[in-house]
1. Express in whole angstrom the spacing between the alpha-carbon centres of the stretch 32-92 and the stretch 391-423.
2. At a 10 Å Cβ-Cβ cut-off, how would you order Met131, Met494, Met344, fewest neighbours first?
3. For the stretch 33-109, which GluC sites (Glu not before Pro) are in a loop by DSSP, counting at most 15 other Cβ atoms within 10 Å?
4. If each residue's Cβ is checked for other Cβ atoms within 10 Å, how do Ile253, Ile373 rank with the fewest at the top?
5. Put +1 on the Cβ of every Lys and Arg and -1 on every Asp and Glu Cβ in the stretch 59-205; which of Gly176, Leu109, Gly124 then has its Cα farthest towards the positive end of the dipole?
6. Which angle from 0 to 90°, rounded to the nearest 10, does the C-alpha axis of helix 370-389 make with the longest principal axis of the chain?
7. Which ³J(HN,Hα) values, rounded to whole Hz and listed in residue order, are derived for the stretch 269-280 from phi using the Karplus coefficients 6.51, -1.76 and 1.60 in 6.51 cos²θ - 1.76 cosθ + 1.60 with θ = phi - 60°, glycine and proline given as x?
8. Just name one of Thr24, Ile9, Ile44: the one whose Cα is farthest towards the positive end of the charge dipole of the stretch 3-71 (beta-carbon charges, Lys/Arg +1, Asp/Glu -1).
Amino acid sequence: MLYSLFSLILVAYLPGALIFRSPTFERERRERLATEERVFWAIIISIAVSSTIALALAWFEFYRFERLLLINGFLSGVIVALYRQRLRFEGSARLPNGTALAPIALICLGIWLYFPPAEYLMGGKDPGVYMNEGLQIAQSGSLVITDSLLASLPPESRDLFISEQPESGTQAAHTGLRFMGYFVTDPDSGTVVGQFPHLYPIWIAIGYGLDSIDGARAVVGVWAILGVLALYFLGARLVGTIPALIGALLLSIHVIQIWYSRYPNSELVLQTMLLTGLLAFARAYVDELEFFGPVAATLLGLSMFVRFPAVLCLLAVVGAMLISTADNRRPRASFLAPFVMWQMLAGLYFLTILKPYVALPIEFVKNLTPSHIGLLVLGLLVTIFLCVSIQYKSVKIRVHSWFPTILGLAVCCGAIYTYFFRTPGGLLAPHDAFALRTYALYYLNPYGLVAALLGLVIVMRRSFWQAPALLLTTIIVAFFYFYKIRIVPEHFWMARRFLPIILPMSLLFIGVVAFSGTHRAFPRERQARLRYLARFAIGLTFVALLGRQYVTASSRIMNHVEYEGLIPRLEQIAENFTAEDLVIVESRAASD
């Protein structure tokens, strides 16, 4: 127990706390952040450090949990030796106040709602692949598997162990499937790699090191809590504590957040990485806290090792840097240099370790129609035109004044068209045409969608230049998925599309609408007080009614544990054979 607690502190708190306290990059300015946010950054930075070290070790086939602890301990010792007494905050550090209760309440709520996790340990399908990738890293120490049995097979016998026909568009990336979700990249040497990027599996391996199978299963629930906290801190900076708390509470109790907090998936990891990365970017780029430049670059860079769709966020960040010249802001070297380095590492990773994973996105780009290419070229030309014309003072003033409002109204017009008038036909499938309708009816509520759009417009008008990357990311990701969701609504994995950005930001915008104006000080005049209280009561009533619907939907899964009892049954089966036995399992295509 003590060993696990010490290991947890060394993996998820100590390095980040020491780095945050280091007397560099104008520490006195970040000391003024709220106490709870300072603690949150200590955890997030530690997670980023541990993720980077563990990924590097596994990349070079050298990962062991004990080695991760050793390196983290060595790094912490070096920081202590370098700065010693200077690691102590001085008088400018803020003391805890009542706002510290909000994240504590969110953590307690998450612990109650998000555990126990599913017992999804069998292979096949996405959850099983993630779990087995992580457990394989914990046991072998490598991102890839060297299958000695596969390497020993003569070429004429390989068809017995490898699927004959790779998926369309991936023939050049692998030679078939060893098992569902595991690609054979080199049959001669027996090299096999899991289907998905490895950051979430890395944390499954770390969880396994902390508490065996139970620790590996619990990892996704911890990431869900971190995602809720990230939304709260991001919202508190952008729109105020009350709307941020409301958005975080609605996210906490939402049925898909609860379901996937117990079910192996990487979307909740991406949720945390993107929200914290965008918050760090705003701290660095808008608040001019240089310390957060490398932090933002690292978090956004690591997001590429979670899921490839993170590239949409990276495009939005680049767009935010370009458009922010209208706000007299210039790209910062403290962010750009590590950002470029991380993208180069991600490119190398996808082209070497995980080539089968990017084969389909590459095929998607190759199959773009002339109309798609035309729209991309048009967008590029408009971007270039804005970047050039924005250098003129008169244009800069107009862009600064009107761009957020025009963009917000354009999003609303697009939503109205998509919800009421978009119909399937030709190459447009019904589930793609009705994607926004499905999101509103199944996940948000139509009134919630209206409130979210109003909240978006309010935030765009008031605060766009305080978080341009966040708002552009929300719009770009929403456009990408609502243009073509690429999955039928009957499949519950559709919900995974909304978890990283769309659902959290929708709920934050609902909080903004419900409590618009409450960020101001309580008025002294009687009439103003009555208006303030009436607005607060109306907002609270709306949120309560919406929250009641979310709680009703979530209550049906509260006592459910997916595949409960599977672990002891698997252990019982495993006792019947050894590593020397040949186990024959029915093929997934046996019924074809």
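1. Computed from Cα coordinates, the inter-centre distance equals 42 Å.
2. In order of increasing Cβ crowding within 10 Å: Met344, Met494, Met131.
3. Glu61, Glu90
4. Placing the least packed residue first, the sequence is Ile373, Ile253.
5. Farthest towards the positive end: Leu109.
6. 40 degrees
7. 5, 5, 4, 5, 4, 5, 5, 6, x, 6, 5, 5
8. The Cα lying farthest towards the positive end belongs to Thr24.
Read-outs: derived from the displayed coordinates by stated rules, not from any lab. As the structure is a prediction and not an experimental result, all values here were calculated from the model. Note that we place each Cβ from the backbone using ideal geometry, even for glycine, and neighbour counts take in every protein chain shown.
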